[in-house]
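Q: Handing you a structure now.
The values are calculated or read from the model by the stated rules, or taken from the named source; none is laboratory data. Given the structure is predicted, the values throughout are model-derived calculations rather than measurements. As a convention, Cβ positions derive from the backbone with ideal geometry for all residues, glycine included, and neighbour counts pool all protein chains shown. Note: areas computed on protein heavy atoms with side chains; ligands, DNA, RNA excluded. Shrake-Rupley method; radii C 1.70, N 1.55, O 1.52, S 1.80 Å.
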Amino acid sequence: MTTVNTPAAARPDSISIQGAVKIYGSGATQQVALNNVDVEIERGRFVSIIGPSGCGKSTLLRLIAGLETPDAGTASVFGVSPDAACAAKMIGLVPQAPALLPWLDVLQNVSLPAKVNRGSERRRKRIGGHVEKEAPDMSALLTAVGLGDAVHKLPAQLSGGMQQRTAIVRAFGLQPDVLLMDEPFSALDEFTREAIQGQLLDIWDEQKSTVVFVTHSVTEAVRLSDTVLVMSARPGRITASVDITLERPRSQDMLKTPEFHHFEDLIRDHLQSAWHEGPITSAA
Amino acid sequence: MTSTMTTHDTPGANGTAADGIDPAVSAPVVALPVKTTGAGTRASRLQFLKPAYWAPVLVLLVGLGIVWTVVAKDSPYLLPPLSAVGEALAGNPLFYLQNAWATLQVALIGLVIGFVVAYVLAILVSELPLARRAIMPVAVVLNVTPLVAIAPALVVAFGFGPEPKLIVTALICFFPILIGVSTGLRSVSPAVLQVFTTLHASRLETLWHVRMPSALPYLFNALRIVFPLSIIGAVVAELAAPGAAEGLGTVISVASSNNRLAVVYAAIVCLALMGSLLLLIITAIENRALHWHDSRQGSRG
């Protein structure tokens, strides 16, 4: 167990994971969630991580969020440790479940992050890698994603899609340097999912955040990303990195084009070869 | 569908644009005002008026009243006639009101003391594993100890003043609140906690903004148990301290030693009414405070 310090090589303009190892359990039940993973994500990029269940993609995301510490290797977010990045509110998290507070209405929910950890502004200024942005108007942001009429509704009065959009606005509202999204649309129906993808791209385009997006949908990964990282399981590792060179903005119509299918096929091939290479028999 | 890309440029057109994007998602916005909580409570209030709602309990009460009257006619020392209980109440309403007020005061003050102590300890127990290991075993043992047995000892120690009554009431209210609140404080979903961890919210901020509101449904569950319990605690303490000035417990012990059964039952009626009233009040507060909670949200599309 090595402690994670800010690595000397940490670059202020990228999220950097170097030689990360994460092992759960010990002895016979030991499972290698991440095996010597190197990732370099430049500022402003939309990067998706795709792979089968249990390949460690969520673990990788949690590493960047500072929710896990690697057993070996280093993680840094724009030049500082994940923990320091959290302290400066440089990280916005959108979990799989919307995780809204049911007693607060939509506007109160998205405004709450500004009310905690008030010292973060001071800390942000001291971090070289941070890019200063003005606090956004939450009502305008909510209106932009079609929640203008729902501002004073409780989460229980919203559909799943509206709840997840609220969670996205909450994360964007901090003007985080990086937005971490852990399969945020996996519980939504296809139609809603495609519509929200468009809205996510809109906000991303406007806010110029870096996004790390975990998904198990090939179509979703291709539509959203600049780069798709393909992972495979047991041990969890990155087997391919595919740059999606489709032009932006990417509309829903683009999903039907041959270029789009080309990238989908490419990633499917990578996923399948990773699946055949990797030991499929359960290590647990 | 390409209009998706430009929604944020034209705020004015947003309502329609959003509806165009995903009617499946937006539809509830239009449909909801019809079935908001306001309409729901009005309907449930009117339900009271329907015979199907109040008739069953009325039939049961009338039946019980008849059985009571028959038994009371044969053996008046088993049950006093209902008319005698009514006369006792009507003959000196101020007497019962005064004593009820004395008991209620003890019950409520004891409840507040028990509540404050239990709430503070619940926070300690849920935040500090060490405090949990120290406090919980003691609390559990205290809970299984019959408080009726402690009451006389407290009277010996503190005399006939309010102290032993308040202590017994506080003790009896303590445990349900401790368990309810400490469970509630730890009921927050991991996803919510992760969001607040990445925000680097302090423990105090997480406690205030997330844990304490999350614990509210558990707290109200405990209060619904504890409000009637507080009256039991007060009466038990009064029974254990005969000769104390006031209180329905004292009324009962004095009247029963004088074989005045009608007075005993008149006092019991008062206690039952008080308990019901407290339960009604706490339920009303709960409905208001927890309007957001799942159990109070009607089914939605």
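Q: Could you identify the single residue in B:Ile150, B:Ile135, B:Ile177, B:Ile225 that is part of a helix (DSSP H, G or I) and touching a residue at least 60 places away in the same chain (Cβ under 8 Å)?
A: The unique qualifying residue is B:Ile177.
Q: Can you name the residue in segment B:37-58 that is at pLDDT 75 or above and open to solvent by less than 100 Å² (accessible area, probe 1.4 Å) and, of all such residues, is farthest from A:His152 (Cα to Cα)?
A: B:Leu58
Q: Can you list the strands (runs of 3 or more DSSP E) found entirely within segment A:171-284 that contain at least 2 residues being open to solvent by 10 Å² or more (accessible area, probe 1.4 Å)?
A: Filter on segment A:171-284 gives A:227-232, A:237-243.
Q: In this structure, is A:Ser58 more than 14 Å from chain B (Cβ to nearest Cβ) and among the hydroxyl-bearing types (Ser, Thr, Tyr)?
A: no
Q: Which one is farthest from the other protein chains (Cβ to nearest Cβ) among residues in segment A:95-129 that are modelled with pLDDT under 75 and outside any helix (DSSP H, G or I)?
A: Among those residues, the one meeting the criterion is A:Gly128.
Q: Restricting attention to segment B:181-220, which residues are more than 9 Å from chain A (Cβ to nearest Cβ), in contact with a Pro (Cβ under 9 Å, 6 or more places away or on another chain) and crowded, with 18+ Cβ neighbours inside 10 Å?
A: Once the filter is applied, which keeps residues that are more than 9 Å from chain A (Cβ to nearest Cβ), in contact with a Pro (Cβ under 9 Å, 6 or more places away or on another chain) and crowded, with 18+ Cβ neighbours inside 10 Å, segment B:181-220 yields only B:Gly184.
Q: Which one of the conditions (1) touching a residue at least 24 places away in the same chain (Cβ under 8 Å); (2) open to solvent by 70 Å² or more (accessible area, probe 1.4 Å); (3) small (Gly, Ala, Ser) does B:Ala157 fail to meet, given that it meets all the rest?
A: (1)
Q: Separate question: So is B:Ala241 in contact (Cβ under 8 Å) with a residue 24 or more places away in the chain and surrounded by 20 or more Cβ atoms within 10 Å (Cβ to Cβ) or not?
A: So B:Ala241 fits the description; yes.
Q: Inspect all residues belonging to segment A:15-36 and state whether any of them is surrounded by fewer than 21 Cβ atoms within 10 Å (Cβ to Cβ) and charged (D, E, K, R).
A: Keep residues of segment A:15-36 that are surrounded by fewer than 21 Cβ atoms within 10 Å (Cβ to Cβ), which gives A:18-19, A:21, A:23-32, A:35-36.
Filter again for charged (D, E, K, R), leaving none.
No, that holds for no residue.
Q: Look at A:Glu194 and say whether it is without any contact (Cβ under 8 Å) to a residue 24 or more places away in the chain, within 11 Å of chain B (Cβ to nearest Cβ) and of a type in the set (Asp, Glu). I'd like the intermediate steps shown before the answer.
A: On the way: without any contact (Cβ under 8 Å) to a residue 24 or more places away in the chain: no; within 11 Å of chain B (Cβ to nearest Cβ): yes; of a type in the set (Asp, Glu): yes.
Here the answer is no, as A:Glu194 does not meet what is asked.
Q: Which numbered condition trips up B:His200, out of (1) outside any loop (DSSP other than H, G, I, E, B); (2) of a type outside the set (A, V, I, L, M); (3) more than 22 Å from the chain's Cα centre (by Cα)?
A: Of everything listed in (1) outside any loop (DSSP other than H, G, I, E, B); (2) of a type outside the set (A, V, I, L, M); (3) more than 22 Å from the chain's Cα centre (by Cα), B:His200 misses just condition (1).
Q: Please determine whether any residue of segment A:130-151 is open to solvent by 10 Å² or more (accessible area, probe 1.4 Å), facing chain B (nearest Cβ under 8 Å) and among the aliphatic types (A, V, I, L, M).
A: Scanning segment A:130-151 turns up at least one residue that is open to solvent by 10 Å² or more (accessible area, probe 1.4 Å), facing chain B (nearest Cβ under 8 Å) and among the aliphatic types (A, V, I, L, M).
Q: For the structure I just gave you, tell me whether B:Ile268 is away from chain A (no Cβ under 14 Å) and out of contact with any helix residue (DSSP H, G or I) (no Cβ under 6 Å at 6 or more places or on another chain).
A: Yes; evaluated as a whole, the condition is true for this residue.
Q: Let me ask something additional. Pairs please, first residue from segment B:84-108 and under 12 Å from B:Val235 (Cα atoms), second anywhere and outside any helix (DSSP H, G or I), Cβ atoms under 6 Å, 6+ apart in sequence or on different chains.
A: Close Cβ pairs (under 6 Å, with a partner that is outside any helix (DSSP H, G or I)) amount to B:Asn99/B:Glu246; B:Asn99/B:Gly247; B:Ala102/B:Glu246; B:Ala102/B:Gly247; B:Thr103/B:Gly247.
Q: If I ask for residues that are of a type outside the set (Lys, Arg) and facing chain B (nearest Cβ under 10 Å), which ones from segment A:164-177 would you list? Break it down into steps so the answer makes sense when it comes.
A: Pass one, segment A:164-177, residues of a type outside the set (Lys, Arg): A:164, A:166-169, A:171-177.
A:Gln164, A:Ala167, A:Ala171, A:Leu174, A:Pro176 - these are the residues of segment A:164-177 that are of a type outside the set (Lys, Arg) and facing chain B (nearest Cβ under 10 Å).
Q: Here's a follow-up. State whether one or more residues within segment B:59-68 are at pLDDT below 85, more than 14 Å from chain A (Cβ to nearest Cβ) and assigned to a helix (DSSP H, G or I). Steps first, answer last, please.
A: Going through segment B:59-68, the residues at pLDDT below 85 turn out to be none.
The answer is no, given that none of the residues of segment B:59-68 is at pLDDT below 85, more than 14 Å from chain A (Cβ to nearest Cβ) and assigned to a helix (DSSP H, G or I).
Q: For segment B:213-250, which positions are more than 23 Å from B:Leu279 (Cα to Cα), out of contact with any Ser or Thr (no Cβ under 7 Å at 6 or more places or on another chain) and among the aliphatic types (A, V, I, L, M)?
A: The answer is B:Ala240, B:Ala241, B:Ala245.
Q: So, one more: Within the group B:Tyr53, B:Tyr96, which residue is of a type in the set (Ser, Thr, Tyr) and either closer than 14 Å to B:Val269 by Cβ or outside any helix (DSSP H, G or I) (or both)?
A: B:Tyr96
Q: Quick one: how many residues across segment A:37-64 are more than 22 Å from A:Glu264 (Cα to Cα), open to solvent by less than 20 Å² (accessible area, probe 1.4 Å) and not in a strand (DSSP E or B)?
A: Total satisfying the criteria: 5.
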